[in-house]
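Data first, discussion second: the structure below is written as structure tokens.
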Amino acid sequence: MPIEKSMRAIAGTFVLLSLSLGYLAPPWWHLFTAFVGANLLQSALTGVCPMERLLERLGVKRESA
């Protein structure tokens, strides 16, 4: 799976998981949802994404043009 799709899948999984945990466990898990959202916004504004860099280091390839 290309890095672009991997990042979307990871972000979506984190949001759904943290919302589920916030419902089933202490609501403090919703802070993780806020963190993911803030990171997505920061990434859109600056073009820097920590998850993208991590995936690159793990050898995930970019989608070919």
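Could you tell me the relative contact order of the chain? Use alpha-carbon pairs under 8 Å, at least six residues apart, and round to a whole percent.
47
Between Leu16 and Leu58, how many nm apart are label points set 7 Å from Cα along the C-beta direction?
Reported label-point gap for Leu16 and Leu58 is 1.7 nm.
Give a residue-ordered list of calculated ³J(HN,Hα) values for the stretch 15-24 (Karplus: 6.51 cos²θ - 1.76 cosθ + 1.60, θ = phi - 60°; whole Hz; x for Gly, Pro).
With the stated coefficients, the stretch 15-24 comes to 5, 5, 5, 5, 5, 5, 5, x, 7, 8 Hz.
When the dipole is taken about the Cα centre of the chain, and only Lys, Arg (+1) and Asp, Glu (-1) are charged at their Cβ, what size is it in debye, to the nearest 20?
Its charge dipole is roughly 120 debye.
Based on the alpha-carbon gyration tensor of the stretch 11-54 and its eigenvalue square roots a ≥ b ≥ c, which shape applies: rounded if a/c is under 1.5, prolate if not and a/b is larger than b/c, or oblate?
It comes out prolate by the Cα gyration axes.
Roughly how many Å² is the accessible area per residue of the chain, as a whole number, for a 1.4 Å probe?
The answer is 77 Å² per residue.
I'd like the distance between the alpha-carbon centres of the stretch 22-37 and the stretch 1-19, rounded to an integer number of Å.
Here the answer is 16 Å between Cα centres.
Using only protein heavy atoms and a 1.4 Å probe, report how much of Ile10 is accessible, in Å² to the nearest 10.
For Ile10, solvent-accessible area is about 50 Å².
Given the options Val48, Val15, Val36, state which has the largest fluctuation in a GNM of the chain using a 10 Å cut-off (strictly under) for Cα springs.
Evaluated over the chain, the most mobile residue of the options is Val48.
The values are calculated or read from the model by the stated rules, or taken from the named source; none is laboratory data. Quick caveat: nothing in here was measured; it's all calculated off a predicted structure. Methodologically, a virtual Cβ is constructed for each residue, glycine included, from the backbone with ideal geometry; neighbour enumeration extends over all protein chains shown. Quick note on the areas: whole protein, heavy atoms, side chains included, nothing else; ligands and nucleic acids left out. Shrake-Rupley method; radii C 1.70, N 1.55, O 1.52, S 1.80 Å.
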